[in-house]
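Working notes, beginning with the structure itself.
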Amino acid sequence: MNESIVWLTIFILSVFVGVEVISKVSSTLHTPLMSGANAIHGIILLGAILVTGHAESNLALVVGLVAVVLASVNMVGGFLVTDRMLQMFVRKKKPAPAKVEHGGGQS
Amino acid sequence: MTATPVWAQLVYLLAAVCFILALKGLSSPKTARAGNLIGAVGAVIACVVVFFYAELDHVAAILVAAAIGTAVGVVGAQRVQMTQMPQLVALFNGVGGGAAALVALLELGNLVDGDRGGFALAATAFTIVVGCVSFAGSMITFAKLQDLMTSRPVTFPGLPIMFGGSLLVALVLSVLTVTDPAVWLGVVLALVGLSLGVLLVLPVGGADVPIVISLLNAFTGLTVAAGGYVLDNTVLLVAGTLVGAAGTFLTKLMAAAMGRSVANILFGALKGGSTLGSGEVSDRPVRSAAPQDVAILLGYADKVIIVPGYGLAVAQAQHTLRELADVLMARGIAVDYAIHPVAGRMPGHMNVLLAEAQVPYEQLKEMDDINSEFKQTDVVLVVGANDVVNPAAKTTPGAPIYGMPILNADEAHQVVFMKRSMRPGFSGIENELLFDPKTTLLFGDAKDSLGKLLSAVKTL
């Protein structure tokens, strides 16, 4: 199979998966979801490491290192702040476990 | 560049699955935290693996750079107040887009001499442009939310032409990059991308900015996906595409919650759609009352609905509000919180803020669930909210918020607004409900007023 077709296949399937997995999200969680998705694209850090590791000039090295800094801010900060938000959603379940169930989405 | 060995590709596949599980988990309050953790694990694994096969140079420098970025991210994530969450998300998103653009720019340098073909070059051009749009757009968004600049739509006569022109230039340069690749073309593309990002977000009004964050988030996702193709890396492709697709879908959901189309949010101001939003303070007469009067209204009601808004969060009054609600409930009064989907400054923001104040989940009612209950409600207490109860959304075609679903506070028997001043809401338009005969205003800082109200209710 042509290699480009393989890439295209992965892309198209990922689009459907991406929409499908969040299609039932309650509006309660829009902020953490946005923040969490934001963190996931911080994986560009991997790309930044790759190109920086193969930089052949000083200029390329500097540009690459800037990309590494920016990407790690995105990734690390994104996951941490999402966790901080979600922690607050979870904590409340302990004191009053009786009725505390899913917060939104029910009609 | 070294080819990725099979074992590393398998690890990347594992990371990609982690990301899918992360998004899936984030869709439900029960699994959200675990989901986020799984995503983080996947990201870390993927980033560690690369050091073991890629024969990288400059490893020490890379680790130092990553450590700096990590430190900044940790401090940012820990210090931020929940009220400032939209800004932080915008900022993190912007730097991600910027990183992707830089990566593509560097890779363009490698592609110039290579023979990867036109499609890789096109993807590179795309990554540079859209990454820069995302970076610049997010920075403007940040400035608007952080009050570093006006949150009102900024337009000027030549803006549509400049935007269209820049778009055309970006397209031409992208084609040139494919046919005749050169690094300087990439640099110019980046500059054009930056100006496109600025021009895209400037005309967006404050109330719509959250939607733009979500949209730019999706942009960055697609940028990372294209970068994955350029770098021949599957996990970037999958992760980026997931975020791009999920972000686009989420953007549409949020726009629907505001009764607007995404195009209308982005370009509405250019058509002069928000002329009613003068942002001026009205001097029409209103009925204001003392905390004691409002306490009597609340204390002898049967059913109270609280409508919290961003003003509540700014005053850090969530905890006092919860205390007040607790006291009212102890008097046998039914108390609910009505949460508008875009209450706060970001969809779902208010839920985060009230969760911080440990308001029990079951008291937070979503708009569709509670809107029919306002008719049987004695008192609606609007704390620091305005636009989400503004009947102009239903009655005034041409208002910037026209068509946005609102909470039907105007159907209740009595409405109490706690406001700092008569200044209009984020959208900049006046609220007719403030002048309604059944409306009482309690002026003052939300925390201060709620404190007085709380002690007044206790003495009843």
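Every number in this text was worked out from the coordinates using simple rules, so none of it is lab data. Note that the structure is a prediction, hence the values are computed from the model and not measured. Cβ atoms come from the backbone with ideal geometry, glycine included; neighbour counts cover every protein chain shown.
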Going residue by residue through the stretch B:213-221, the Karplus relation 6.51 cos²θ - 1.76 cosθ + 1.60 with θ = phi - 60° gives ³J(HN,Hα) values, rounded to whole Hz and with x marking Gly or Pro, of 4, 4, 5, 5, 4, 5, 4, 4, x
Given unit charges at Cβ for Lys, Arg (+) and Asp, Glu (-), the dipole magnitude of chain B about its Cα centre in debye, nearest 20, is 560 debye
Helix-only estimate, please: 222 nm mean residue ellipticity of chain B, summing -39500 (n - 2.57) across DSSP H runs of length 4 or more and dividing by its residues, to the nearest 500. -19000 deg cm²/dmol
For B:T459 and B:T395, compute 0.36 nm times the residue count separating them, minus their Cα-Cα distance, and round to one decimal in nm. 19.0 nm
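Would you mind putting B:157-169, B:135-147, B:389-401 in packing order, based on average other-beta-carbon counts within 10 Å, highest first?
Numbers: B:157-169: 13.7, B:135-147: 22.9, B:389-401: 19.8.
My ranking of the peptides, most packed first, is B:135-147, B:389-401, B:157-169.
What is the sum of charges around B:T4, taking Lys and Arg as +1, Asp and Glu as -1, for the other residues whose C-beta is under 14 Å from the C-beta of B:T4? Working shown, then result.
Numbers: positive: none; negative: A:E3, B:E55, B:D232.
Net of charged neighbours comes to -3.
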The simple spin-label model distance between B:L148 and A:V62, using points 7 Å out along Cα→Cβ, in nm, is 2.3 nm
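If you place +1 on the Cβ of every Lys and Arg and -1 on the Cβ of every Asp and Glu, how big does the dipole about the Cα centre of the protein assembly as shown come out, in debye to the nearest 20? Spell out each step's value before the answer.
Details: 33 positive and 36 negative charges, 255 e Å.
Charge dipole, the protein assembly as shown, about its Cα centre: 1220 debye, nearest 20.
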Relative to the longest principal Cα axis of chain B, at what angle does helix B:234-257 sit, 0 to 90 degrees, rounded to 10? 30 degrees
Per residue of the stretch B:116-131, in order, report the coupling 6.51 cos²θ - 1.76 cosθ + 1.60 (Karplus, θ = phi - 60°) as ³J(HN,Hα) in whole Hz, putting x for Gly and Pro. 6, x, x, 5, 5, 5, 4, 5, 5, 4, 4, 4, 4, 5, 5, x
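About the Cα centre, and with charges only on the beta carbon of Lys, Arg (+1) and Asp, Glu (-1), how big is the dipole of the stretch B:351-451? Nearest 20 debye, please. Walk me through the numbers before you get to the answer.
Details: 8 positive and 15 negative charges, 64 e Å.
That gives the stretch B:351-451 a dipole magnitude of about 300 debye.
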What is the helix-to-structure angle for B:32-53, meaning the angle in degrees between its Cα long axis and the longest Cα principal axis of chain B, kept from 0 to 90 and rounded to the nearest 10? 20 degrees
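Please give the contour-minus-distance gain from B:N264 to B:Y300: 0.36 nm per residue of separation, less the Cα-Cα distance, rounded to one decimal in nm.
Working: separation 36, 0.36 × 36 = 12.96 nm, distance 4.46 nm.
Roughly 8.5 nm would be gained on extension.
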For the stretch B:343-398, rounded, prolate or oblate, judged on the Cα gyration tensor with a ≥ b ≥ c (square roots of eigenvalues), a/c < 1.5 rounded, else prolate if a/b > b/c? oblate
I'd like to know which of B:F156, B:P400, B:V44 lies farthest towards the positive end of the charge dipole of chain B, counting +1 on Cβ of Lys and Arg and -1 on Cβ of Asp and Glu. B:P400
Please list the non-local residues whose amide H lies under 5 Å from the amide H of B:T440, H modeled 1.01 Å from N, same-chain partners needing a gap of 5 or more. B:V415, B:V416, B:F417
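Where in chain B lies the longest segment free of GluC sites (Glu not before Pro) that are both loop residues by DSSP (not H, G, I, E, B) and have at most 12 other Cβ atoms within 10 Å?
Details: sites that count: B:E55, B:E280.
Here the longest segment lacking exposed loop sites spans B:56-279.
All other residues with a Cβ under 13 Å from the Cβ of B:A392 taken together, and with Lys, Arg as +1 and Asp, Glu as -1, what is their net charge?
Numbers: positive: B:K394; negative: B:D387, B:D410, B:E430, B:E432, B:D436.
Once positives and negatives cancel, what remains is -4.
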Where does the protein assembly as shown land on the Kirkwood hydrodynamic radius, alpha-carbon pairs, in angstrom? 24.4 Å
At R0 = 56 Å, FRET efficiency that the Cβ-Cβ distance of A:F16 and B:Q292 yields, to 0.05: 0.40
If the chain between B:D113 and B:F156 were fully stretched, how many nm would it gain, using 0.36 nm times the residue separation less the Cα-Cα distance? 11.2 nm
In nm, to one decimal, how far is the modelled label at B:V48 from the one at B:V183, with both set 7 Å along Cα→Cβ? 3.4 nm
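Stokes-Einstein at 37 °C, 0.692 mPa s, Kirkwood radius from Cα pairs: D for chain B in µm² s⁻¹? Before the final figure, lay out the partial values.
Working: Rh = 24.2 Å.
For the chosen part, D equals 136 µm²/s.
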Can you work out the Karplus-derived ³J(HN,Hα) for every residue in the stretch B:176-182? Use 6.51 cos²θ - 1.76 cosθ + 1.60 with θ = phi - 60°, whole Hz, and x for glycine or proline. 4, 4, 6, 6, 9, x, 7
